[in-house]
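The structure under discussion appears below in the form of structure tokens.
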């Protein structure tokens with residue numbers, strides 16, 4: 001790394017740390033004051049509260065990451081412009097694109113970080129936070145309420161298999177009183193009911209099973225079979241798919257319109273077992289999928305937005321550029337939310353709703369950057 005790159009990177013990282021740290025401290029202070037009564041109601045001690053914010057903090061970090069990066073980049077660029085450092089670099093033959101390499105590198109690193117946190121941490125934040133809140137609540141901490149889901153319905157529309165589960169354990173994948181209604185393409189049908197089911201070794205194992213087999217839809221004398229153990233090794237309904245089904249079934253359109261709520265894995269799992277969806281559900285799922293992929297690129301887009309405005313020479317032009325870039329960036333965030341709302345409602349195709357802000361503002365910022373002299 002050249003000396004110039006190290007200098008520009010150092011001058012960016014310091015205000016970036018201040019911005020992100022300041023946002024985090026402000027959020028924790030505000031949220032703590034707002035939710036202190038709730039923490040006391042659940043008998044949380046200091047260690048529990050710290051753990052709660054360690055769990056929920058990354059989700060807020062994603063909200064502030066693009067804004068913090070924008071403000072830090074504008075501060076660094078305006079500082080360089082105020083001291084005529086940008087003019088000196090341009091006079092030395094260093095192009096705007098060349099001295100922007102450290103900024104673009106930070107933006108790309110934040111994009112990868114955003115994607116990793118969004119995909120592997122955020123989807124489970126609500127469950128983890130709820131578990132911490134109910135840790136000392138005797139009525140909520142037992143396995144019946146903390147780990148089990150009651151009266152779960154699960155449909156594999158691809159293979160025409162419907163599940164009704166009296167109770168399902170999210171941690172152990174144990175089922176109580178499952179009933180599976182299986183329709184075959186040739187008209188046959190099987191209804192399998194059991195006292196217990198467990199996923200082990202890549203297969204579903206049911207115990208105390210009653211199996212009713214129909215040879216056709218008109219069969220009035222089905223075959224009844226009772227057995228202690230029945231194992232199915234080729235069913236695609238894994239615990240991961242069932243968890244994805246639970247998340248998606250609990251998601252409403254109002255939540256989905258605010259921001260992507262599901263991981264890419266959850267969405268792909270759901271689409272695997274539901275190739276035929278109604279129009280409203282498909283619009284919601286497709287918008288969530290493309291929104292999940294498009295959202296991390298916000299960090300790189302704000303770099304492109306800041307460059308042409310923050311790099312303008314002249315004291316007056318600098319502050320005009322900063323104000324303009326902040327206004328454009330907030331317009332970009334508003335369009336992001338509007339796109340998700342239109343896609344979720346089925347007014348726009350999911351990929352257009354999710355990628356339209358990135359394409360419009362990213363393309364516009366690139367055009368403005370190329371016009372900088």
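The rows are residues; the columns are (1) touching a residue at least 24 places away in the same chain (Cβ under 8 Å); (2) on the phi > 0 side of the Ramachandran plot; (3) surrounded by fewer than 16 Cβ atoms within 10 Å (Cβ to Cβ).
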{"position": "150", "(1), (2), (3)": "no, no, yes"}
{"position": "158", "(1), (2), (3)": "yes, no, yes"}
{"position": "161", "(1), (2), (3)": "yes, no, no"}
{"position": "164", "(1), (2), (3)": "no, no, yes"}
{"position": "168", "(1), (2), (3)": "yes, no, no"}
{"position": "176", "(1), (2), (3)": "no, no, yes"}
{"position": "179", "(1), (2), (3)": "no, no, yes"}
{"position": "189", "(1), (2), (3)": "yes, no, no"}
{"position": "192", "(1), (2), (3)": "yes, no, no"}
Out of 77, 86, sole residue that is in a helix (DSSP H, G or I), in contact with a helix residue (DSSP H, G or I) (Cβ under 6 Å, 6 or more places away or on another chain) and more than 21 Å from residue 18 (Cβ to Cβ): 86
Some residue of the stretch 351-360 being within 16 Å of the chain's Cα centre (by Cα), buried (at least 22 other Cβ atoms within 10 Å of the Cβ) and either modelled with pLDDT under 85 or under 30 Å from residue 12 (Cβ atoms) (or both): yes
Residue within the stretch 212-231 that is part of a strand (DSSP E or B), surrounded by 17 or more Cβ atoms within 10 Å (Cβ to Cβ) and in contact with a helix residue (DSSP H, G or I) (Cβ under 8 Å, 6 or more places away or on another chain) present: no
Residues of the stretch 156-183 satisfying the condition of being within 24 Å of residue 278 (Cβ to Cβ) and not in a strand (DSSP E or B): 157, 158, 159, 160
Single residue of the stretch 25-43 satisfying the filter (surrounded by 13 or more Cβ atoms within 10 Å (Cβ to Cβ) and out of contact with any helix residue (DSSP H, G or I) (no Cβ under 7 Å at 6 or more places or on another chain)) that is nearest to residue 117 (Cα to Cα): 31
Residue 153, sole failed condition from (1) part of a strand (DSSP E or B); (2) in the same structural domain as residue 365 (by TED's automatic domain parsing): (2)
Qualifying residue in the stretch 109-123 (condition: at positive phi and either outside any helix (DSSP H, G or I) or touching a strand residue (DSSP E or B) at 6+ places or on another chain (Cβ under 8 Å) (or both)): no
Selection count, the stretch 261-292, where residues are part of a helix (DSSP H, G or I), surrounded by fewer than 18 Cβ atoms within 10 Å (Cβ to Cβ) and touching a residue at least 60 places away in the same chain (Cβ under 8 Å): 5
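The values are calculated or read from the model by the stated rules, or taken from the named source; none is laboratory data. Values in this document were obtained by computation on a predicted structure and should not be read as measured data. Please note: Cβ atoms are built from the backbone with ideal geometry, for glycine as well, and neighbour counts cover all protein chains shown.
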